[in-house]
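The values are calculated or read from the model by the stated rules, or taken from the named source; none is laboratory data. This one's a predicted model, so the numbers in the text were calculated from it and none came from an experiment. Quick reminder, even Gly has a Cβ in these numbers, built from the backbone with ideal geometry, and neighbours come from all protein chains shown.
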Amino acid sequence: MCTVTVIPTPAGPRLVHSRDELRSRSPALPPAWRDLPGRRRAVWPTDPDAGGTWIAARDDGLVLAILNRNIPPNGRPAPSRSRGGLIPALIDAGHAARAMEALAKHDLAAMAPFRLLAVDPDGVARLATWDGLSLDHAELSRPPFCLASSGLGDERVEPRYPLFEQLVVPRPTPEAQDAYHRHRWDESPEISVLMSRPDARTVSITTLGPGGDMVVEPLPEADPWCDPVGAAG
């Protein structure tokens, strides 16, 4: 349940990640820098419930982000391990292609479906897609681009893509990107980018600038602007 967008800037790609979560989920811990082997560092926030994260960036520019994938049953086993631990395990890979190679060596059988995005400092992006049975890799077109998912079924949030084409692609500025992540259809808050429904909502918006400056903006529950369903309840 997320929306991720990437746009180009003169200094490098800018990534924004709207994190949609169940209302029962604990608030995330703020971003913190960690030391990696080889005198490198990486920054990421932490999900205290599962111990993983949804986004991370190295000090030399590699960015990883993960989205749940919500697809019909396909014979996959029931998941027993969190997907959020993948990013801390892969961020030391150095660049997107190596992150994909490292991911292919992981035992994913116990994990629910997901999409893992890896973006290099020059904007080259790769996407790994796990359906619970097999793993596929693809190189994406250079930004701007958008990925979206929903616990209601990923097909339900496909309207977010033409909205991105309308609001961001013609003029991919940070202002347009931020406006997209704060967009809501009043008649359909459950599928909006700024999502609100009885059991879940957009809990935060993470912005990652080209220099590795990461800001996680928590969104208050039951606020009429960002959580109209919670406010009405």
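Can you name the residue in region 28-48 that is touching a Phe, Trp or Tyr at 6+ places or on another chain (Cβ under 8 Å) and not β-branched (Val, Ile, Thr) and, of all such residues, is surrounded by the fewest Cβ atoms within 10 Å (Cβ to Cβ)? Reasoning before the result, please.
Within region 28-48, the first condition is being touching a Phe, Trp or Tyr at 6+ places or on another chain (Cβ under 8 Å), and the residues that meet it are 31-32, 34, 41-43, 45, 47.
Of the ones still in play, those that are also not β-branched (Val, Ile, Thr) are 31-32, 34, 41-42, 45, 47.
Numbers: Pro31: 19, Ala32: 11, Arg34: 13, Arg41: 14, Ala42: 22, Pro45: 19, Asp47: 20.
Filtering first and then ranking leaves Ala32.
Confirm whether Gly85 is modelled with pLDDT under 95 and on the phi > 0 side of the Ramachandran plot. Against the criterion (modelled with pLDDT under 95 and on the phi > 0 side of the Ramachandran plot), Gly85 does not qualify. If you filter region 55-93 down to residues that are basic (Lys, Arg) and touching a strand residue (DSSP E or B) at 6+ places or on another chain (Cβ under 9 Å), you find that the one that is farthest from Arg39 (Cα to Cα) is Arg69.
So which of Ala148, Ala97, Ala93 is under 18 Å from Ala56 (Cβ atoms) and in contact with a helix residue (DSSP H, G or I) (Cβ under 9 Å, 6 or more places away or on another chain)?
Ala93
Just a yes or no: is a residue in region 103-121 modelled with pLDDT of 95 or more, among the charged types (D, E, K, R) and closer than 16 Å to Cys2 by Cβ? Checking region 103-121: at least one residue is modelled with pLDDT of 95 or more, among the charged types (D, E, K, R) and closer than 16 Å to Cys2 by Cβ. In region 133-144 there is no residue that is hydroxyl-bearing (Ser, Thr, Tyr), within 22 Å of Ala200 (Cβ to Cβ), assigned to a loop (DSSP other than H, G, I, E, B) and out of contact with any Pro (no Cβ under 8 Å at 6 or more places or on another chain). Within region 179-233, the set of residues being part of a strand (DSSP E or B) and not β-branched (Val, Ile, Thr) comprises Ser196, Arg197, Ala200, Arg201, Ser204, Leu208, Met214, Glu217, Pro218. Is it fair to say Phe164 is of a type outside the set (Ser, Thr, Tyr), in contact (Cβ under 8 Å) with a residue 24 or more places away in the chain and under 20 Å from Ala56 (Cβ atoms)? Criteria not met by Phe164.
Among the residues of region 112-151, the one identified as hydroxyl-bearing (Ser, Thr, Tyr), out of contact with any strand residue (DSSP E or B) (no Cβ under 6 Å at 6 or more places or on another chain) and surrounded by 20 or more Cβ atoms within 10 Å (Cβ to Cβ) is Ser150.
When each of Pro220, Pro224 is tested for being farther than 18 Å from Ala65 by Cβ, free of Cβ contacts under 8 Å to residues at least 12 places away in the same chain, loosely packed, with under 14 Cβ neighbours inside 10 Å and out of contact with any helix residue (DSSP H, G or I) (no Cβ under 7 Å at 6 or more places or on another chain), the lone residue that passes is Pro220. Across region 49-92, the qualifying residues are those that are surrounded by fewer than 19 Cβ atoms within 10 Å (Cβ to Cβ) and among the aliphatic types (A, V, I, L, M), and the one among them that is nearest to Ala138 (Cα to Cα) is Ile71.
Total residues in region 101-125 satisfying the condition of being aliphatic (A, V, I, L, M) and under 19 Å from Pro143 (Cα atoms): the figure is 6. Taking region 167-201 as the range and being touching a Ser or Thr at 6+ places or on another chain (Cβ under 6 Å), without any contact (Cβ under 8 Å) to a residue 60 or more places away in the chain and surrounded by 17 or more Cβ atoms within 10 Å (Cβ to Cβ) as the test, the residues that pass are Arg184, Pro189.
Could you go through region 10-26 and let me know if any residue there is surrounded by fewer than 22 Cβ atoms within 10 Å (Cβ to Cβ) and touching a Lys or Arg at 6+ places or on another chain (Cβ under 6 Å). No: zero hits.
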